[in-house]
Amino acid sequence: MRRIFSAIAIFAASVLASAATAQQAPAPSASDWTGFYMGASSGNLTSTGIPCAEGAVGYDCNPVPTLPNLPQFTPEGRFQGATVGYDWQRGNLVFGVAGDVMNGSAFDTEFTSGGFGCSTRCEMEVTRTVMLRGRIGFAPIDSLMAYATAGVAYTTATADVIGLAPPPGEGTFTNNIIGFGGEYRLNDHLSLGMEYLRLLETDDKISFQDSLVPAYRVTNFSGDMVRATIGIRF
């Protein structure tokens, strides 16, 4: 009988010790953000660009043009795209990298009253942006994360003086990006989010038509994108 009571006492002590250890140890996260993901997004791009002409007094591309009759392009439109990325969670902090390809059409038509060459009209259209970004997030609870992001964007655009024979000029702006967003996990594999991205102004230039003299260009491109995201995690 004494051996039975001793065995019961040892078992009870072991259970109590295990319970105490379990209370002291942090509970594992039910929805860890670590892992690969892919997703889709849809949003709106609002952007600006300033026309200029190389070597032309008053609207030379360097420095920024100053003539008051120059238009400022404000292309705006819808974009959709895909994202792939990877996140690492350490405690409440989440570190990640992501790549995005967004396609769409942000379009604007402008006129001038001076000698710039848009007395008929000039057009600018943004058609694609490819982004490479890093992000750091904070997850106060397992299913919710707020984050900041930064990186670089390569944005394709065209510019055209309507009525001239040459085809529209096309080029790529390189912009630094900053932004922030939030993401909510519906379950272990599906998440929804909202994100704001700012494409910081760049002094890169694209040409209207290469044959125009002086060379008409668009410079000082910048933009703002707000988009909704959906992600699938593996």
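The values are calculated or read from the model by the stated rules, or taken from the named source; none is laboratory data. Remember, predicted model here, so these are calculated numbers, not experimental data. Cβ atoms come from the backbone with ideal geometry, glycine included; neighbour counts cover every protein chain shown.
So, of the residues in the range 108-139 that are of a type outside the set (G, A, S) and in a loop (DSSP other than H, G, I, E, B), which turns out to be modelled with the highest pLDDT? Taking the candidates together, the pick is R121.
Annotation: of all residues in the range 51-64 being within 29 Å of the chain's Cα centre (by Cα) and buried (at least 20 other Cβ atoms within 10 Å of the Cβ), the one that is modelled with the lowest pLDDT is C61.
Looking for something among the hydrophobic types (A, V, I, L, M, F, W, C) and at pLDDT below 95 - is there at least one such residue anywhere in the range 166-184?
No, there is no match, as no residue in the range 166-184 is among the hydrophobic types (A, V, I, L, M, F, W, C) and at pLDDT below 95.
When G169, G151 are checked against the criterion of being under 17 Å from A106 (Cβ atoms) and either without any contact (Cβ under 8 Å) to a residue 60 or more places away in the chain or out of contact with any Ser or Thr (no Cβ under 7 Å at 6 or more places or on another chain) (or both), a single residue qualifies: G169. Please determine whether any residue of the range 163-178 is of a type outside the set (V, I, T), closer than 26 Å to Q89 by Cβ and surrounded by fewer than 19 Cβ atoms within 10 Å (Cβ to Cβ). No: zero hits.
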